[in-house]
1. For segment 309-349, how many residues are free of Cβ contacts under 8 Å to residues at least 60 places away in the same chain, touching a helix residue (DSSP H, G or I) at 6+ places or on another chain (Cβ under 7 Å) and over 13 Å from residue 383 (Cβ atoms)?
2. Go through 108, 23, 136 for me and flag whichever is touching a residue at least 40 places away in the same chain (Cβ under 8 Å), within 30 Å of residue 232 (Cα to Cα) and in a loop (DSSP other than H, G, I, E, B).
3. Restricting the first residue to segment 185-198 and requiring it to be farther than 11 Å from residue 349 by Cβ, which pairs with a second residue that is surrounded by 12 or more Cβ atoms within 10 Å (Cβ to Cβ) and at pLDDT 95 or above meet a Cβ separation below 6 Å and a spacing of at least six or different chains?
4. So how many residues does segment 38-53 have that are touching a residue at least 24 places away in the same chain (Cβ under 8 Å) and out of contact with any helix residue (DSSP H, G or I) (no Cβ under 9 Å at 6 or more places or on another chain)?
5. Checking residue 22 against (1) exposed (fewer than 15 other Cβ atoms within 10 Å of the Cβ); (2) in contact with a helix residue (DSSP H, G or I) (Cβ under 6 Å, 6 or more places away or on another chain), which single condition isn't satisfied?
6. Does residue 44 satisfy the condition of being within 29 Å of residue 2 (Cβ to Cβ) and outside any strand (DSSP E or B)?
7. Would you mind telling me which numbered condition in (1) under 29 Å from residue 4 (Cβ atoms); (2) free of Cβ contacts under 8 Å to residues at least 40 places away in the same chain; (3) touching a helix residue (DSSP H, G or I) at 6+ places or on another chain (Cβ under 8 Å) residue 286 fails?
8. Given the condition under 22 Å from residue 17 (Cα atoms), in contact with a helix residue (DSSP H, G or I) (Cβ under 8 Å, 6 or more places away or on another chain), touching a residue at least 24 places away in the same chain (Cβ under 8 Å) and crowded, with 21+ Cβ neighbours inside 10 Å, answer yes or no: does some residue in segment 145-152 qualify?
């Protein structure tokens with residue numbers, strides 16, 4: 001594999017910092033040409049200096065603050081001549097995404113990742129997609145903007161499916177099987193979930209993630225989003241996408257073929273391999289993570305998903321099949337509800353309940369016709385409507 005240039009969006013988050021770890025261990029394979037961050041100026045300044053990045057994009061703050069932080073760390077590192085281009089503001093991530101890098105890794109969280117996703121595709125870059133929301137809310141808008149094989153999934157489940165699909169042709173696939181840890185409340189009934197606290201919801205058994213994603217993993221909204229993402233990435237109907245609970249998360253997902261064979265991708269419950277593959281696809285890097293130790297006795301469990309206790313996946317199938325801007329409404333309403341939960345305004349089970357009420361209101365408002373989902377403005381208008389509707393539903 002020849003050396004690749006990389007633009008990294010969300011560089012100070014979990015995906016971004018792990019990506020820089022992979023890149024730092026493979027300096028002959030990758031050169032970072034742009035970093036984008038939300039507002040952690042000190043950390044992005046250190047990253048920029050350490051990787052000699054020519055473009056630094058930050059969503060909040062001021063150019064002067066970023067330049068000062070970069071300059072201070074450059075002096076500390078003996079790099080006084082280092083002077084990157086600095087962009088600050090709402091369009092900073094779009095600028096980084098559209099810089100023309102060989103690979104753009106979109107590790108931004110939330111619907112704000114949509115414009116950067118489209119900018120990367122328009123620039124002809126390979127899009128290593130960890131920002132599932134941009135594909136989910138963008139739907140066919142994103143798919144129509146992407147060339148063949150231009151999007152490489154970074155979610156561990158979808159990376160696993162992409163790897164497993166190498167074992168057969170598309171027409172040989174019977175179904176996709178997405179695995180779920182079940183989150184911290186696996187096995188609880190809906191009644192037992194009523195008293196869940198925000199602190200408990202953030203105690204994921206396997207991964208350390210941000211507040212929204214960790215809470216989504218607890219409600220299984222995240223798994224619902226992944227079902228929609230799998231449909232859009234691999235063009236498999238919703239009735240051929242299953243979710244199975246696998247607490248150990250050693251198997252990241254599976255593909256069942258029409259002859260009865262199932263191919264699974266497995267490894268430690270960490271993100272290093274999916275991130276590395278997002279950067280190097282279709283080739284693999286050496287020694288990215290520790291493989292399973294087959295000399296140890298171990299057992300893995302599987303169980304069906306309890307749709308009564310965790311109705312988020314069932315609701316996601318409904319909005320995914322409706323298409324249009326319904327997935328955007330689902331995602332936006334959930335983000336508002338998650339914030340309300342952590343602010344103590346609603347209970348844990350109220351999160352998905354409120355999302356469903358907003359989806360119902362969207363269906364009623366548009367009498368089945370929906371609004372325009374073929375433009376960024378249409379999608380973001382639905383996103384804004386859903387946030388306002390969710391706030392009204394929650395009395396915020």
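1. Result for segment 309-349: 5.
2. 108
3. 198/342
4. Count: 2.
5. That leaves (1) as the condition not met.
6. Yes, satisfied.
7. (3)
8. Scanning segment 145-152, I find at least one residue that is under 22 Å from residue 17 (Cα atoms), in contact with a helix residue (DSSP H, G or I) (Cβ under 8 Å, 6 or more places away or on another chain), touching a residue at least 24 places away in the same chain (Cβ under 8 Å) and crowded, with 21+ Cβ neighbours inside 10 Å, so the answer is yes.
The values are calculated or read from the model by the stated rules, or taken from the named source; none is laboratory data. The structure displayed is predicted, hence computed values, not measured ones. All Cβ positions, even for glycine, are placed from backbone atoms using ideal geometry, and neighbour counts span all protein chains on display.
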